[in-house]
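Peer 1: Right, I'll just put the structure down here and ask away after.
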Amino acid sequence: MTLLPVDTALARLLALAKPIEESETLPLDACGGRVLLDDLKARLTQPPFDASAMDGYAIRTADTHAEARLTLIGESAAGHAFAGKVGPGQTVRIFTGAPVPEGADAVLLQEDAIRHEDGTVGMSFLPEPSRHIRPKGQDFREGDTILTAGAVMTPARLMVAAAMDHARLPVRRRARVGLLATGDELVRPGAPRAPSQIIASNTFAVSALARDCGAEAVDLGIAQDTVTDLAERIAQAKAARLDVLVTLGGASVGDHDLVQKALKDAGMQLDFWQIAMRPGKPLMVGTLGDMIVIGLPGNPVSSLVCSLLFLEPLLSRLAGSPAPKREADVIVAQALKENDKRRDHLRAKLTRDSKGRLVAEPFAKQDSSMMNVLAQSGCLVIREPFAPALAAGEPARAIVIRDPDIL
């Protein structure tokens, strides 16, 4: 079978998906990171009145002159407006966020006010009209469309939605991703294991990535290397109405690699299998009814690298949000030899030099079983098929895993 180029494989995978259109209406505090499905209009005007931007005195600018001595007639605080009107020669003590009383057209800062012994207020600064006043509707007005369908609900957008008096929002349903580890050699962390068994670690990495993408991760457990057990687990996945089934391991065609066969027996239409990349060559993609199937390699490093390259963009497509922009220009810290026919992804430390440029230092050992190396890596240096040798200090492209400025 001809190995599929990475970009071609990703395009074919994304062609199988479209944004989820099912909505759910959730409390505001459950909508972080979700995608808004309807336009959102303001249910009130903000601010609902002319409000003071500072602590001070509400005044009439017609009274502003150096010898002014204004009579203090009351106080306006947030939630407790002054009920009267400011007339000629009068002032009202006012606090930030409080309604500006009728008649006043500016706020004299408290540090610019002079309190005389007789209780009158003078001024060391003469404010102009509207000084330190937030006019009614400055932020938005009732009926204004503030957030539009397709907006990702960031903290700032949640804040404005709340200010618009929306307690619940219509958002796109999260993608449901099932994770099925496979292999007689696997046991869960903390469980008894035979000498020939290893810990199933892939599920935890891939499920964390799925949740970071806003998806719901469903752990389908560890399937044994039997057609019967695999068939039962696949049936569970179909019953769970998953959007994506991710299998971990067993997607090749060796004597003990039964996943592809079991999926085909269940009705999967295989789209492609085997990618011209390293690590992650035995990636499988297909569809099982409305469910997209991704068969990740069992090798832990290959599994997570493939998740970054394929699963993350897929989940972004289903969520209707842009995929994270992970590619960046880097400077390689050491010479790299020419590449062969597969696109390589070199695990590398990522730092910045004195000029602020990203510098990638590939690890000496690139074995795809070395999880610790990947955990220490800040990026994957991309080496396209047949890329020529690079000298130290030359530019390259990389997939950023972790911001070098954040531990």
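Peer 1: Search the structure for amide H atoms under 5 Å from the amide H of N339, placed 1.01 Å from N in the peptide plane, and list their residues when 5 or more places away or on another chain.
Peer 2: Result for N339 returns F386, A387.
Peer 1: Near K365, which lysines are there with a Cα under 17 Å away, not counting those fewer than 8 places off in the same chain?
Peer 2: K337, K349
Peer 1: Would you mind calculating the gained length between Q366 and T287 on full extension (0.36 nm times residue separation, minus the Cα-Cα distance), in nm to one decimal?
Peer 2: 25.2 nm
Peer 1: Taking the chain as a Gaussian network, Cα atoms linked when under 10 Å apart, which of T228, T71, T25 shows the biggest mean-square fluctuation?
Peer 2: The residue with the greatest mean-square fluctuation here is T71.
Peer 1: Under a GNM of the chain (C-alpha, springs under 10 Å), which listed residue has the highest mean-square fluctuation: P170, P282, P127?
Peer 2: P127
Peer 1: With charges only on Cβ, +1 for K and R and -1 for D and E, what is the dipole size of the chain about its Cα centre, in debye, rounded to 20?
Peer 2: 940 debye
Peer 1: Which of the following values of log10 I(q)/I(0) by the Debye sum over Cα atoms at q = 0.06, 0.07 Å⁻¹ was calculated from the structure shown: [x] -0.52, -0.61; [y] -0.23, -0.32; [z] -0.43, -0.53?
Peer 2: Checked against the structure: label [z].
Peer 1: Highest GNM mean-square fluctuation, the chain, Cα pairs closer than 10 Å: which of D38, D112, D340?
Peer 2: D112
Peer 1: Net charge within 11 Å of Q366 by Cβ-Cβ distance, Lys/Arg positive one each and Asp/Glu negative one each, not counting Q366 itself?
Peer 2: Local charge sum for Q366: +2.
Peer 1: Within 12 Å, Cβ to Cβ, of G119, how many net charges do the neighbouring residues add up to if Lys/Arg are +1 and Asp/Glu are -1?
Peer 2: In short, +1.
Peer 1: Just subtract the alpha-carbon distance of D353 and K325 from 0.36 nm times their residue separation and send over the number in nm, one decimal.
Peer 2: 7.9 nm
Peer 1: Another question about this same structure. From the residues F125, V35, I146, which one has its Cα farthest along the dipole of region 23-149 in the positive direction, the dipole being from +1 and -1 charges on Cβ of Lys/Arg and Asp/Glu about the Cα centre?
Peer 2: Result: I146, furthest along the dipole toward the positive end.
Peer 1: For a paramagnetic label modelled at 7 Å from the Cα of R241 toward its Cβ, which residues of region 1-45 fall within the zone defined by backbone nitrogen distances under 13 Å?
Peer 2: The answer is 21-24.
Peer 1: Return the sequence-ordered ³J(HN,Hα) values of region 284-296 in whole Hz as given by the Karplus equation 6.51 cos²θ - 1.76 cosθ + 1.60 applied to θ = phi - 60°, using x for Gly and Pro.
Peer 2: These are the phi-based 3J(HN,Hα) values: 10, 9, x, 10, 10, x, 8, 9, 7, 10, 10, x, 8 Hz.
Peer 1: At 222 nm, what helix-only mean residue ellipticity would the chain give, in deg cm²/dmol to the nearest 500, using -39500 (n - 2.57) for each DSSP H run of four or more?
Peer 2: Helices in the chain give a 222 nm mean residue ellipticity of -5000 deg cm²/dmol.
Peer 1: Net charge within 11 Å of G150 by Cβ-Cβ distance, Lys/Arg positive one each and Asp/Glu negative one each, not counting G150 itself?
Peer 2: -1
Peer 1: What are the ³J(HN,Hα) values, in whole Hz, obtained from phi via the Karplus relation 6.51 cos²θ - 1.76 cosθ + 1.60 with θ = phi - 60°, for each residue of region 61-72 in sequence order, with x given for Gly and Pro?
Peer 2: Those phi angles translate into 5, 5, 9, 7, 8, 4, 9, 4, 9, 8, 7, 7 Hz.
Peer 1: Assuming 0.36 nm per residue, please report the length gained on full extension of the stretch D118 to H80 beyond their Cα-Cα distance.
Peer 2: 11.1 nm
Peer 1: Related question: In terms of modelled amide H atoms, which long-range or inter-chain residues lie less than 5 Å from the amide H of A51?
Peer 2: V100, R134, K136
Peer 1: If you don't mind, another one. Simple spin-label model, 7 Å along Cα-to-Cβ: L44 to A163 in nm?
Peer 2: With each label placed 7 Å out from Cα toward Cβ, I get 1.3 nm.
Peer 1: Under 5 Å between amide hydrogens, which residues at least 5 positions from A68 or on another chain qualify, with H placed 1.01 Å from N in the peptide plane?
Peer 2: M123
Peer 1: Quick check on region 176-256: take the gyration tensor over C-alpha atoms, sort the square-rooted eigenvalues as a ≥ b ≥ c, and tell me if it's rounded (a/c under 1.5), prolate or oblate. Kindly include the intermediate steps, with their values, before the conclusion.
Peer 2: Details: a/c = 2.00, a/b = 1.29, b/c = 1.56.
It comes out oblate by the Cα gyration axes.
Peer 1: May I pose another question? Taking θ = phi - 60°, what integer Hz values does the Karplus form 6.51 cos²θ - 1.76 cosθ + 1.60 yield along region 128-138, in sequence order, with x for Gly and Pro?
Peer 2: With the stated coefficients, region 128-138 comes to 8, x, 6, 4, 6, 10, 8, x, 3, x, 4 Hz.
Bear in mind these aren't lab numbers, they're just calculated from the coordinates by the rules spelled out. The structure presented is a predicted model; accordingly, all values stated were derived computationally and were not measured. A quick note on method: Cβ atoms are made from the backbone with ideal geometry, for glycine too, and the neighbour counts reach across all protein chains shown.
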